[in-house]
Amino acid sequence: MLATRWPAASLVRAGGLLSAAGLSLALLVAETLAVLIGFACVGAGLSFVFPLVLSAGARLRGPSPSLAIDAIATAGYEGFLIGLGAEVTSLCVSLGFVALLCGLVAALAGSLQSSSATGR
């Protein structure tokens, strides 16, 4: 429903920022309510980022849109690296890296718009 009202790039940017802010709040404020609100923001922000990025991948021109969808979906399954990072450093450092990646999603949201414009 949101995607019919606003451009995909704007939604992905907002979702990335909301997720980064929520995860930062959860990591920086040692209060149960703040952590719950922070992780709710992460879930809300990323809940529409992944489908919009998959949709943009399906519209890419090239040898096969399915390759783009495969690459996007595979990147989504790499969450186990958070656990590996937590084993090597700490959970806070690992989740801090995820917050930075959410910020990167927001920063790269403009490329989603250009790929959507070349869609079928």
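Laboratory data are not the source of any read-out in this text; all were calculated from the coordinates shown. Only a predicted model underlies this, so the values are computations on that prediction, with no experimental measurement involved. Neighbour counts run over all protein chains shown; Cβ positions are idealised from the backbone, glycine included.
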Can you sort SER10, SER66 from fewest to most other Cβ atoms within 10 Å of each residue's own Cβ? SER66, SER10
Could I have the simple spin-label model distance between PHE97 and PHE50, label points 7 Å from Cα toward Cβ, reported in nm to one decimal? 2.0 nm
Taking the chain as the reference, fit the longest principal axis to its C-alpha atoms, fit the long axis of helix 91-107 to the helix C-alpha atoms, and give the angle between the two in degrees, 0 to 90, nearest 10. 30 degrees
Among (1) 48, 33, 20; (2) 86, 25, 11; (3) 43, 29, 25, the value of Cα extents along the principal axes in Å computed for this structure carries the label (1)
Roughly speaking, what is the stretch gain from ALA73 to VAL88, that is 0.36 nm per residue apart minus the C-alpha to C-alpha distance, in nm to one decimal? 2.9 nm
Helix 8-28 against the longest principal axis of the chain: what's the angle in degrees, Cα atoms only, rounded to the nearest 10? 10 degrees
Taking neighbour Cβ counts within 10 Å as the exposure measure, how do CYS41, CYS102 sort from fewest upward? CYS41, CYS102
